[in-house]
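The values are calculated or read from the model by the stated rules, or taken from the named source; none is laboratory data. In this text the structure is predicted, and so the values were computed from the model without any measurement. Note: ideal-geometry Cβ built from the backbone for every residue, glycine included; neighbour counts use all protein chains shown.
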Amino acid sequence: MIIHELFHTLHQLSRHLTNKLNEALKPAGLYSSQWAVIYVLKTKGSITQKELCDYLSVEAPPMTRTIQRLVKQGYVRQQTGQDKREKHVQLTDEALAQYPEWEKIVSEVNNRLLSQFPESSQKELLYLQKNWLKQLD
């Protein structure tokens, strides 16, 4: 019984966090799924679309749609790799210029969401999440 409740609350929490982030990013014209791609590209640099899918645990069709939206917005560009089927994705100069503002929005939301959560609990949760993710990989 506790297992069902654990996973149910995780899914509920994930949906709530996604909704809060979507609300905050809406004025910037972004969704949380787009922010996730932008954040990964900012931290990892140019990577393949497959690597993005694997890292974010997203299937190829929704990732393709997200990348296409970001390309239309002028925030991402794709380059064909050595293998013609491989596409490298990277941020544009426009995205790099906007990134500090987006990061500020995300930080404000995250800080608000964690304002009543003690730092020791935040550290423990991060530790548990990272270990769990390692086990799943």
Worksheet item: Among all residue pairs at least 6 apart or on different chains, which show Cβ distances below 7 Å where the first residue, located in segment 64-83, is of a type in the set (S, T, N, Q) and the second is part of a strand (DSSP E or B) and modelled with pLDDT of 95 or more?
Response: 78/89
Discussion item. Here is a list: 30, 41. Which entry is modelled with pLDDT of 95 or more, hydrophobic (A, V, I, L, M, F, W, C), in contact with a helix residue (DSSP H, G or I) (Cβ under 9 Å, 6 or more places away or on another chain) and within 26 Å of residue 132 (Cα to Cα)?
Written reply: 41
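Being farther than 14 Å from residue 36 by Cα and surrounded by 14 or more Cβ atoms within 10 Å (Cβ to Cβ) is the filter; apply it to segment 93-109 and report the residue that is nearest to the chain's Cα centre (by Cα).
Selected residue: 109.
Being at pLDDT 95 or above, farther than 20 Å from residue 133 by Cα and among the small types (Gly, Ala, Ser) narrows it down to one of 36, 97, so name that one. First the steps, then the outcome.
On the way: 36 fails: farther than 20 Å from residue 133 by Cα.
After applying the criteria, what remains is 97.
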Worksheet entry | Options 34, 12: the member that is more than 17 Å from the chain's Cα centre (by Cα) and of a type outside the set (Asp, Glu) | 12
Fill in: residue 46, sole failed condition from (1) at pLDDT 95 or above; (2) within 24 Å of residue 72 (Cα to Cα)
(1)
Worksheet item: Based on what the data block shows, is residue 66 closer than 26 Å to residue 104 by Cα and in contact with a Ser or Thr (Cβ under 6 Å, 6 or more places away or on another chain)?
Response: yes
Discussion item. Go through segment 34-88 and report how many residues are assigned to a loop (DSSP other than H, G, I, E, B) and either surrounded by fewer than 15 Cβ atoms within 10 Å (Cβ to Cβ) or out of contact with any strand residue (DSSP E or B) (no Cβ under 8 Å at 6 or more places or on another chain) (or both).
Written reply: 12
